[in-house]
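Asker: Could you have a look at this structure, given as structure tokens, before my questions?
The values are calculated or read from the model by the stated rules, or taken from the named source; none is laboratory data. A quick note: this is a predicted structure, and the numbers were derived from the prediction, not measured. A quick note on method: Cβ atoms are made from the backbone with ideal geometry, for glycine too, and the neighbour counts reach across all protein chains shown. Note: areas computed on protein heavy atoms with side chains; ligands, DNA, RNA excluded. Shrake-Rupley method; radii C 1.70, N 1.55, O 1.52, S 1.80 Å.
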Amino acid sequence: MKSFMRLAGLAVAIAALAGSAARADDKLTIAVIPKGTTHSYWKSVKAGAEQAGNELGVNIIYKGPLKEDDRAQQISVVEQFVSDNVSGIVLAPLDEAALVRPVREATGKKIPVVIIDSALKGTVGTDFVSFIATNNHLGGNMAGDQLAKILGGKGKIVLLRYSEGSASTEEREAGFLESIKKNSDMTMLVDNRYGGATVSEAETASLNLLDQIKQADGIFCPNESSTMGMLLALRQNNLAGKVHFVGFDASAPLVAALKAGEIDALVAQNPTKMGYLGVKTCVSAIRGEAVPQTIDSGVQLITRDNLNDPDVQKLLAGG
């Protein structure tokens, strides 16, 4: 009898373990697809997504192209996750047009897609469930207004753009130019050159603009890689801190350059919050809950004057 009871107890234990394993296997799986995987910005997005995954008890798979100009690779990643029938997708499209088709394919298979960071030429609520991003036009306005303030409303300006087809940076560039044009004594020396997808490419593009940079009173770059590439070029030519410079994003090296006086201001996003809200919104959609069609994840101008403010420090710490 005792042997029977021990066997019965063992059977119950095995059944319980099997049930637990089955429940674990039934966990939702959310694919998080960044524009690229090298910049620190996307590492913050990943941290936020994983935080939400831990809180909600869902699996997070983070995968994207290495470089932010590899449209074919990002499309392939989306298609693979659709084929794998993941529960949902959180995507930062590196091209507003090229990613429309694979996103529609996901939606057609009843896989909810949340777009983050950069817009897609689709219809929110139809092609994807929600769009979560910085107000990029406002961020560009903030950069332009700050540079105009620093220069007293007059001077020659160099804009190093990021990459054609990137909706987020195109909106920042447009916002920046809009603010600069309010000042009749400010002129654009350069506004049609692109830095490319990496720091190295942006550094090369900046070096190719050296003659114009030496004439410039102010510079604006619209993302982490373009800002860092320009900074390296300025350092190489003993110009860092001698020409006024406003950048975008707040990686540790850029914040260090701000502290050192090599950069005058940074327009900071909240990539951790963006990744976090992307996963939370996707899970809510999967569970049939109503979700906002658009969510503003916030933008902040950081200068040496407000660098130590609690809200700024919280943002820089991933809050």
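Asker: For the subset of segment 258-309 comprising residues that are part of a helix (DSSP H, G or I) and charged (D, E, K, R), which member is surrounded by the most Cβ atoms within 10 Å (Cβ to Cβ)?
Answerer: Lys280
Asker: Can you find even one residue in segment 97-117 that is touching a His at 6+ places or on another chain (Cβ under 8 Å), open to solvent by less than 20 Å² (accessible area, probe 1.4 Å) and not in a helix (DSSP H, G or I)?
Answerer: No, segment 97-117 has no match at all.
Asker: Do we find a residue being assigned to a helix (DSSP H, G or I), farther than 16 Å from Met274 by Cα and at pLDDT 95 or above anywhere in segment 82-90?
Answerer: yes
Asker: Sticking with this one: Restricting attention to segment 51-66, and to residues there that are buried (at least 17 other Cβ atoms within 10 Å of the Cβ) and either under 16 Å from the mean Cα position of the chain (by Cα) or not aliphatic (A, V, I, L, M) (or both), which single residue is nearest to Lys273 (Cα to Cα)?
Answerer: Gln51
Asker: Determine whether Leu258 is modelled with pLDDT of 95 or more and touching a Leu at 6+ places or on another chain (Cβ under 7 Å).
Answerer: Spelling it out, Leu258 is indeed modelled with pLDDT of 95 or more and touching a Leu at 6+ places or on another chain (Cβ under 7 Å).
Asker: I've got another one for you. So which helices (runs of 4 or more DSSP H) are wholly in segment 138-248 and hold at least 2 residues that are among the acidic types (Asp, Glu) and touching a strand residue (DSSP E or B) at 6+ places or on another chain (Cβ under 9 Å)?
Answerer: Qualifying helices (runs of 4 or more DSSP H): 167-180.
Asker: Based on this model, can you work out whether Gln236 counts as surrounded by fewer than 24 Cβ atoms within 10 Å (Cβ to Cβ) and more than 21 Å from Asp145 (Cα to Cα)?
Answerer: Yes; evaluated as a whole, the condition is true for this residue.
Asker: For segment 244-255: of the residues being out of contact with any helix residue (DSSP H, G or I) (no Cβ under 6 Å at 6 or more places or on another chain) and surrounded by fewer than 20 Cβ atoms within 10 Å (Cβ to Cβ), which is modelled with the lowest pLDDT?
Answerer: Here the answer is Ala252.
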